[in-house]
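Written out below as structure tokens is the structure these notes cover.
Derivation of every value follows stated rules applied to the coordinates shown; laboratory data play no part. On a predicted model such as this, the values are computed, not experimentally measured, just so you know. Reconstructed Cβ throughout: ideal geometry from the backbone, glycine too, with neighbour counts over all protein chains shown.
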Amino acid sequence: MILFLPELALSLMILVFFSVSLATPKQNQLQGMGLFLSALAVAASIYTYGQNGTLFFDAYRIDAFSQLFKIIITFGLFIVIYLGEGLSGIGTTLKPEYYLFLTLSAFGLACMSSAVELITIILCLEIASFALFIIIPFRKHGAYRKPMEAGIKYVLFGAAASGISLYGISYIFGMTHTTYLVDLVTIIPGMILQQPLIMIGLVMLLCGFFYKLALFPMHFWAPDVYEGAANETSSFVATLPKVGAVALLIRLIFLAGVDSAQFTWVLVILAVFSMIFGNLSALVQTDIKRLLAYSSIAHAGYIMVGLVCATELGFVSGIYYIAGYLVMNLACFFVIYNLAPNGENIGFDDFKGLYKRSPLLAFTLAVGAFGMAGIPPTIGFTGKLFLFTAAIKKDMYALVILAVINTGVAVFYYLKMVRAAYSSVPSPMPKIRLKFSTTLLGIFFIVIILYLGTFPQGVIDFAREAVAAAI
């Protein structure tokens, strides 16, 4: 029971919102319940951090690695619920169901971080995905077509990614006669040179997680889904599924062994294409959510720079960077949500004069954008430094050079957002009044991005302990 405590806390949250969906509660009651129950899940994840064991016929593993990711996922769920006060972009009658499916997706992601058997991994992935399939069209404002189109595209790309992953599993199972990672890690490295088909199966298996990470070539859904979904939903889709994807990618990449040159080259090529395509496409965007979508594709490439090293430093850097990415991205969505009281999409013109309308929102946007651009002393700069250091230690100099060039390109569109926020407008605009709770959240984003960028050692120590448990 103790080993499964975080999942039980999330299950309780799911049952509560299922029961509440049968009634007509007030919005402040819904958010209050969501905050309390998600905080309970965070506490359960922290409490079980030191636990070790296996469940469900050794298909489910509890260790420092899984529990660290559960802390990040449940904490991210808490922040998303906190950020979406009022659910201005969601239809009134759908708000209880929205919280229900949001929690169900987080439950699938939490289970994914503990799954160490291929069929179990796919089931957890589908639980997380199906819940998002349902809530992406839950948008009250804007044209009817865009939310529906976003939902359909997410379903179609998700189905394709799942099908490819299942086909990859069939290859792997057919050649190894097992689906347990603990067995595969001893079999696959020796088979890659003699049986190239196993590498094809492994890459196909990873496609389902490339889809969650929005890594090239499984990235096409991201811009339309970010733009068409409600701001609250986009903030979830842009962050938590990527955390779960990184957790599984670390476990699965290690299957190929640390000296598999062919497998490494495949991942390097995907990382480079993701960085180049994401950054160049983001340069021409006018809708901020579409810009962040292409930005996320580029960041998937940065994360892969660390993961392709298949070393402890590379994996630790990947964990540190995805934790920072979650906070930086949510900081940007925090500004978007409070700048669009009716849940509409915003562009660069909506940022103009923000430093006078709300100095806190403008500074939060600046810190979040600086972090995403990799400007010191933010967590984004420190994370990129660790990622590039891990790649240099593996003599991947060309990959690091391309990543640094792409970072320079990304600075342009991130600073374009900041410049708009701190530009003057000819006529005065109404000030944005923030509640005390909203102000606290903005201050939290600023402090955590700067503090963890300046003092990263605490997170690095936890990540190193988690990676040691995983490998």
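Here segment 258-471 is assigned +1 on the Cβ of each Lys and Arg and -1 on the Cβ of each Asp and Glu. Its dipole about the Cα centre then comes out at about 760 debye. Compared with the alpha-carbon gap, the fully stretched path from Leu22 to Phe57 is longer by 9.0 nm at 0.36 nm per residue. Angle of helix 436-454 to the longest C-alpha principal axis of the chain, folded into 0 to 90 degrees and rounded to 10: 40°.
Compute the whole-percent fraction of alpha carbon pairs in the chain spaced more than 28 Å apart. Provide the component values of the computation, followed by the final result.
Details: 52793 of 110685 pairs.
Within the chain, distances greater than 28 Å cover 48 percent of Cα pairs.
Amide H contacts under 5 Å for Phe220: none, restricted to partners 5 or more places along the chain or on a different chain, H placed in the peptide plane at 1.01 Å from N. Measuring between their Cα centroids, segment 299-342 and segment 135-210 lie 21 Å from each other. Mean residue ellipticity at 222 nm, helices only, the chain: -24500 deg cm²/dmol; runs of at least 4 DSSP H residues each add -39,500 (n - 2.57), and the sum is divided by the number of residues. Taken one residue at a time, the phi angles of segment 123-129 give Karplus couplings (6.51, -1.76, 1.60, θ = phi - 60°) of 4, 5, 4, 5, 4, 5, 6 Hz. Gly and Pro are set to x.
Take peptides 279-288, 198-207 and line them up by average Cβ neighbours within 10 Å, highest first, as a rough protection proxy.
Details: 279-288: 17.4, 198-207: 21.7.
Final packing ranking: 198-207, 279-288.
If packing is taken as the average count of other Cβ atoms within 10 Å, what order do 334-340, 317-323, 397-403 fall into, highest mean first? Write out the running numbers ahead of the final one.
Values: 334-340: 22.7, 317-323: 27.4, 397-403: 16.7.
My ranking of the peptides, most packed first, is 317-323, 334-340, 397-403.
Within segment 117-175, report the chymotrypsin sites (Phe, Trp or Tyr not before Pro) that DSSP leaves as loop and that have at most 10 other Cβ atoms within 10 Å. Answer by residue number: Tyr144.
Among Asn279, Val404, Thr438, whose Cα sits farthest toward the positive end of the charge dipole of segment 258-471 (+1 at Cβ of Lys/Arg, -1 at Cβ of Asp/Glu, about the Cα centre)? Highest projection toward the positive end goes to Thr438. Between the beta carbons of Thr92 and Leu166, assuming R0 = 35 Å, the FRET efficiency works out to 0.35 to the nearest 0.05. Dipole of segment 258-471 computed with +1 at Lys/Arg Cβ and -1 at Asp/Glu Cβ about the Cα centre; of Ala323, Ala366, Ala310, farthest Cα towards the positive end is Ala366.
Across segment 234-241, coupling constants 3J(HN,Hα) worked out from phi with the 6.51/-1.76/1.60 Karplus curve, θ = phi - 60°, read 4, 5, 6, 4, 6, 10, 5, x Hz, and Gly and Pro carry x. Computed from phi, the 3J(HN,Hα) profile of segment 340-348 under the Karplus parametrisation 6.51, -1.76, 1.60 (θ = phi - 60°) reads 10, x, 9, x, 7, 6, 10, x, 5 Hz, with x in place of Gly and Pro.
Each Lys and Arg adds +1 at its Cβ and each Asp and Glu adds -1 at its Cβ; summed about the Cα centre, the chain shows a dipole of about 1340 debye.
With only Cα atoms counted, segment 258-471 has Rg and Dmax values of 18.1, 62 Å.
Give the shape of segment 363-410 as rounded, prolate or oblate, defined through the alpha-carbon gyration tensor: a ≥ b ≥ c are the square roots of its eigenvalues, a/c under 1.5 means rounded, and otherwise the shape is prolate if a/b is larger than b/c and oblate if not.
Details: a/c = 4.81, a/b = 2.01, b/c = 2.39.
Taking the square roots of the gyration eigenvalues as a ≥ b ≥ c, segment 363-410 is oblate.
Judged by the mean number of other Cβ atoms found within 10 Å, the most tightly packed of the peptides 409-417, 224-232 leads the ranking 224-232, 409-417. By the Cβ distance rule (another cysteine Cβ under 4.7 Å), the unpaired cysteines of the chain are Cys207, Cys309, Cys332.
Summary value for the chain: 15 percent relative contact order, contacts being C-alpha pairs under 8 angstrom separated by 6+ residues.
Once you have the Cα-Cα distance between Ile405 and Ile392, take 0.36 nm times their residue separation minus that, and quote the gain in nm to one decimal. Mind showing how you got there, number by number?
Values: separation 13, 0.36 × 13 = 4.68 nm, distance 1.52 nm.
Length difference between fully extended and current span is 3.2 nm.
Mind checking the full-extension length gain between Glu312 and Phe36? Use 0.36 nm per residue of separation minus the Cα-Cα distance, one decimal, nm. Walk me through the numbers on the way to the answer.
Working: separation 276, 0.36 × 276 = 99.36 nm, distance 3.57 nm.
95.8 nm is the gain from fully extending Glu312 to Phe36.
Here Arg251, Arg145, Arg464 are placed in order of increasing Cβ neighbour count within 10 Å, fewest first, which gives Arg145, Arg464, Arg251. Using C-alpha pairs below 8 Å separated by at least 6 residues, the relative contact order for segment 258-471 is 27 percent. Shape analysis of segment 167-322 places it in the prolate category; the axes a ≥ b ≥ c from the Cα gyration tensor give an a/c of at least 1.5, with a/b above b/c. Between the amide H of Ile62 and those of Gly53, Thr54, Leu55, distances stay under 5 Å, these residues lying 5 or more places away or on another chain, with hydrogens modeled in the peptide plane. Placing +1 on the Cβ of every Lys and Arg and -1 on the Cβ of every Asp and Glu, with no other charges, gives segment 63-174 a dipole of roughly 460 debye about its Cα centre. Which angle between 0 and 90 degrees, to the nearest 10, do you get for helix 457-470 versus the longest principal axis of the chain when only C-alpha atoms count? Tilt of helix 457-470: around 40 degrees.
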